[in-house]
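The structure appears below as structure tokens.
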Amino acid sequence: MIILGAGPAGLVLGNLLLRGGVDCVVLERADREHVQQRTRAGYLAPETVRILERNGLAEGLRARGREHGVCEFRTEDGRFRLDYRTLGRGEPHTVYPQHELVSDLLAQFIDAGGRIRFGAEAVTVAEADGPDPSVTVREGDGRPGRWRGRYVAACDGRHGAGRRSLPPGAVRRHHRDHGVSWLGLLAEAPPSLDAVGYAIHPRGFAGHMARSTGITRYYLQCERDTAACDAWSDARIWDELDLRMRAAEYGPLLRGRIVRRGVVHLESDVLEPLRHGSLFLVGDAAGLISPSAAKGANLAVLEAEILARALIDALVRGDTVPLAGYSERCLAHIWRAQDFSHWMIGLLHTAAPGPEAASFFQEGLRRSRIAALRGSRTQQDWFAENYVGI
Ligand code: RFL
């Protein structure tokens, strides 16, 4: 079994296969340090925590993760809070940075005797439509190599070799560009509120998400122009955050050094089916989801567990029925998450300039969504269930 990529999807899959008695190798393009330092997700769904717990992979997050269950919306009509732990199914998020989770998973995989090749970039997956697929790789020193296995799991993200190797027409790609970009910021600054903050402002969306007592992630909706965003000084970023978070009314944000920044274009896509012969698509390789509802890493872990169980059934017990159902099972979760993330995009962003009637209509919908969320217990329960669910 060959696994491409050592992100949450590849490492959960690798750990579970190893425990289930399936021989596997993980091929990872980057070096170990890079993989362990890549800061991304932070909010883990309760189901993700349960998956990691029932598979003995939750020691780190149990020791260092923090439960979180409140979000605050700041709008032109004032602010309101939702304590989502007391709504819906009554479940919180666990805040645990993705790079720490990846470091835990990596250590456990290697300690358990798992094989991983860093600096091995998969170039193509060949003969995926038969029972003997192979992966060609470029090693760190430029040397080519080839691996063969019964199955290949593409956990190598949206630009990986898994997607690239799909023959034309083998899977359909449903893509949506949401027309919105965020400047994602990591600040060496304590959280400024004890809640996830969503500010909806005529100048654009701003978000506040605590990562730890000294690190906070912020988002600023920005122009689709990376160079301009890179040119923003720290002071300009903080001033803009203060403005959109309405610091004049609710208090200034606690400032600090901006240690990382990057532009995220809000895009989604779903591939269908998630299998081509012996090649399976998992995590971001299976579908890209906008970070508006923090679902990507959670879906990656869920899909990895579903695939691991199906592969163990197939390779250890000779039962290929669960493997045949992999794509359909995952797609039901993926579309559910896409639906909610799409709803969140409509909730958080003021209409982009465009035809007046269209903008006015979109604005009307957004205000109605906010009003329903503020005033309707049923809507709040629906929100809470979907916000933490996958
Ligand atoms: P990853 O984590 O991208 O890992 C893929 C791995 O594959 C390697 N690779 C290759 N290896 C070999 N050969 C090749 N040809 C290769 N090409 C790539 C890469 O080096 C890498 O190690 O994919 P995976 O495992 O599917 O996990 C997906 C998640 O990382 C992603 O969905 C989340 O980070 C999305 N996301 C969030 N998800 C959440 O659930 N909660 C959050 O709070 C959250 N916040 C975020 C996010 C994503 C963000 N960005 C950067 C888009 C915040 C941001 C800013």
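Structural remarks
- Condition check for residue 321: assigned by TED's automatic domain parsing to the domain that holds residue 11, modelled with pLDDT of 95 or more and surrounded by fewer than 16 Cβ atoms within 10 Å (Cβ to Cβ): yes
- Applying a threshold of 7 Å to beta carbon distances and a minimum spacing of six or more residues, or different chains, the list of pairs starting in region 33-62 at a residue that is under 10 Å from residue 298 (Cβ atoms) and within 11 Å of the ligand (Cβ to nearest atom) and ending at one that is among the aromatic types (Phe, Trp, Tyr) and outside any helix (DSSP H, G or I) reads 44/96.
- Matching residues, region 141-160, being of a type in the set (Asp, Glu) and within 15 Å of the ligand (Cβ to nearest atom): 156
- So residue 128, is it modelled with pLDDT of 95 or more, open to solvent by 20 Å² or more (accessible area, probe 1.4 Å) and outside any strand (DSSP E or B): no
- Test result for residue 304, in contact (Cβ under 8 Å) with a residue 12 or more places away in the chain, surrounded by 19 or more Cβ atoms within 10 Å (Cβ to Cβ) and outside any strand (DSSP E or B): yes
- One residue stands out among those in region 22-32 that are assigned to a loop (DSSP other than H, G, I, E, B) and near the ligand (Cβ under 6 Å from one of its atoms): the one that is surrounded by the fewest Cβ atoms within 10 Å (Cβ to Cβ), which is 30.
Residues checked against (1) closer than 30 Å to residue 367 by Cα; (2) of a type in the set (Lys, Arg):
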position: 151; (1), (2): no, no
position: 163; (1), (2): no, yes
position: 172; (1), (2): no, yes
position: 220; (1), (2): yes, no
position: 231; (1), (2): no, no
position: 248; (1), (2): yes, no
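- Selection of region 179-223 for residues being of a type in the set (Lys, Arg) and within 24 Å of residue 369 (Cβ to Cβ) yields 203, 217.
- Test result for residue 81, open to solvent by 50 Å² or more (accessible area, probe 1.4 Å) and more than 30 Å from residue 380 (Cβ to Cβ): no
- Looking across region 132-145, the residues that are of a type outside the set (Val, Ile, Thr), within 16 Å of residue 162 (Cα to Cα) and open to solvent by less than 90 Å² (accessible area, probe 1.4 Å) come down to 132, 133, 134.
- Number of positions in region 157-174 that are in a loop (DSSP other than H, G, I, E, B) and within 20 Å of residue 323 (Cβ to Cβ): 4
The values are calculated or read from the model by the stated rules, or taken from the named source; none is laboratory data. Computed from a predicted model, the values in this text were never measured in an experiment. FYI the Cβ positions are ideal-geometry reconstructions off the backbone, even for glycines, and counts take in every protein chain you see. Surface areas here come from the heavy atoms of the whole protein model, side chains and all, with no ligands, DNA or RNA. Shrake-Rupley method; radii C 1.70, N 1.55, O 1.52, S 1.80 Å.
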